[in-house]
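Asker: Can you keep this structure in mind? I'll have questions shortly.
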Amino acid sequence: MKRALALALALLASAALIFGAALIRPSENTAEGKYRLSMGTAVTLAADEAKSSVTTVAVITDWNGVIVDCVIDCGDFAMSFDDAKAGKSGIYETKNERGDAYGMVAYGGATAEWYEQAEFFANYVKGMDAKKATLLDLSDGGKAGDADLSAGCTIAIGDFKKALVNAMGDTLAVSFDSEETPVLSLAMINHDAVTEAEGAYSVTMTTDLCAVASLDKKVLAAVTDVAEAKLSFGEDGTFASGSYSGTKREKLDSYGMVAYAGATHEWYEQADNFCKFIKGMTAEEIAAIKTDDTGKATDADLTAGCTIAVGDFIKIAEKALGAK
């Protein structure tokens with residue numbers, strides 16, 4: 001009897017260990033996916049000038065929440081009263097796109113150009129989780145407090161850190177699987193528009209964003225977003241105000257397409273549905289998505305979940321996938 005009881009207890013203990021291990025063991029094949037693609041943005045408005053800076057970080061993390069790849073870019077806007085009065089508008093290159101022409105080495109005496117310093121930062125944070133990203137040390141001037149980081153990144157990195165923390169906390173991050181290491185790319189399209197009313201001028205500075213994880217030049221996962229900053233000049237030509245309240249994706253339901261425009265899906269949901277639709281596509285296939293005269297998609301599978309104009313989605317996704 002004692003022997004039978006001992007054996008039963010041993011079996012129960014063994015089963016408990018196995019069950020407990022099943023509960024705590026991380027799985028590489030869960031429904032969550034092996035990787036997660038996320039994106040975060042930090043926007044800075046100059047206090048008394050019509051200037052805006054949009055810094056975006058895209059990251060791929062593994063199933064443990066550790067960064068395996070990171071890409072950073074930044075778009076700068078500047079608008080004078082004379083430019084606004086003249087109706088100036090256009091598309092502006094990002095700092096990565098400007099490359100050596102950005103001039104930090106040639107004109108600022110830096111030892112490395114902006115895109116090189118951003119890449120150094122991106123490589124530095126690989127292997128970090130969300131907690132470590134949050135604890136990145138900054139000096140009083142916003143520069144890196146860590147000597148290993150400041151050795152290759154001497155510029156102020158406050159917006160780098162803020163965008164990275166936002167990316168690591170991205171509640172809409174997309175899970176995906178890949179048998180091989182995915183390729184991460186990021187695209188930004190910066191453009192502005194001016195409107196006039198009774199001698200005052202309002203400027204909307206818009207950045208379309210898209211991060212893509214790909215393999216063999218085909219989309220594994222994608223995230224798209226839009227950041228808008230609004231600036232204005234008074235009738236006397238002085239800078240009057242500036243505002244920014246988060247990206248469209250960050251606003252979630254508060255963006256108000258369902259509540260105030262009668263849409264069946266909110267903006268972030270429609271953007272996500274577009275990103276799901278392009279999964280498996282090449283840049284050429286994305287560019288070939290057909291739209292009507294209003295810019296809305298004509299494919300019934302896409303319009304079932306994305307009823308808004310998709311022209312900008314197509315452009316930015318094609319650019320992101322073609323970036324590498």
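Asker: Can you list the residues, at least 5 places off or on another chain, whose amide H is less than 5 Å from the amide H of residue 232, using H built in the peptide plane?
Answerer: Close amide H contacts, sequence-distant or interchain: 203, 240, 241.
Asker: I want to check the label-to-label distance for residue 315 and residue 62. Put each point 7 Å from Cα in the C-beta direction and report it in nm to one decimal.
Answerer: Here the modelled spin labels are 3.9 nm apart.
Asker: Kindly report, to the nearest 10 Å², the accessible surface of residue 120 as traced by a 1.4 Å probe over protein heavy atoms only.
Answerer: 80 Å²
Asker: Sort region 196-270 into rounded, prolate or oblate with this rule: let a ≥ b ≥ c be the square roots of the eigenvalues of the Cα gyration tensor; rounded if a/c is under 1.5, and if a/c is not under 1.5, prolate when a/b is larger than b/c, oblate otherwise.
Answerer: oblate
Asker: Using a 1.4 Å probe on the protein heavy atoms only, what accessible surface does residue 51 show? Give it in Å² to the nearest 10.
Answerer: In the full protein context, residue 51 sits at about 90 Å².
Asker: Take region 130-279, drop everything but the C-alpha atoms, weight them equally and run the Debye formula without solvent; then report log10 I(q)/I(0) at 0.21 Å⁻¹ to two decimals.
Answerer: -1.30
Asker: Sequence gap at least 6, Cα distance under 8 Å: using those rules, report the relative contact order of the chain to the nearest whole percent.
Answerer: Once divided by the residue count of the chain, the mean separation gives 17 percent.
Asker: Follow-up question, since we're still on this one. Under the rule a/c < 1.5 gives rounded, and otherwise a/b versus b/c splits prolate from oblate, where does region 112-206 land using the Cα gyration tensor?
Answerer: Cα axes put region 112-206 in the oblate bin.
Asker: Just to make sure I understand: if all protein chains stay in place, what is the order of 170, 148 by accessible area at 1.4 Å, largest first?
Answerer: 148, 170
Asker: What is the packing order of peptides 264-273, 281-290, taking the mean over residues of other C-beta atoms within 10 Å and listing the highest first?
Answerer: Listed from highest to lowest mean packing, they are 264-273, 281-290.
Asker: Ignoring everything except DSSP H segments at least 4 long, calculate the 222 nm mean residue ellipticity for the chain; use -39,500 (n - 2.57) per segment, divide by total residues, nearest 500.
Answerer: -8500 deg cm²/dmol
Asker: Roughly to the nearest percent, how much of the accessible area of region 61-159 is carbon and sulfur, given a 1.4 Å probe?
Answerer: So the carbon and sulfur contribution to the accessible surface is 49 percent.
Asker: OK, next. Could you give the C-alpha radius of gyration of the chain expressed as a fraction of 2.2 N^0.38 Å, taking N as the number of residues it contains?
Answerer: The chain yields a ratio of 1.19.
Asker: If you count only protein heavy atoms with a 1.4 Å probe, what accessible area per residue comes out for the chain, rounded to a whole Å²?
Answerer: On a per-residue basis, 52 Å².
Asker: To the nearest 0.05, how large is the calculated FRET efficiency for residue 284 and residue 150 if R₀ is 35 Å and r is the Cβ-Cβ distance?
Answerer: So, using R0 = 35 Å, E works out to roughly 0.25.
Asker: Return the inverse of the average 1/r over all pairs of distinct C-alpha atoms in region 58-191, which is the Kirkwood hydrodynamic radius, in Å to one decimal.
Answerer: 16.6 Å
The values are calculated or read from the model by the stated rules, or taken from the named source; none is laboratory data. It should be emphasised that the depicted structure is a prediction, and the values quoted were computed from it without experimental measurement. With ideal geometry, Cβ positions are generated from the backbone for all residues, glycine too; neighbour counts draw on all protein chains shown. Accessible surface areas use protein heavy atoms only, side chains included; no ligands, DNA or RNA. Shrake-Rupley method; radii C 1.70, N 1.55, O 1.52, S 1.80 Å.
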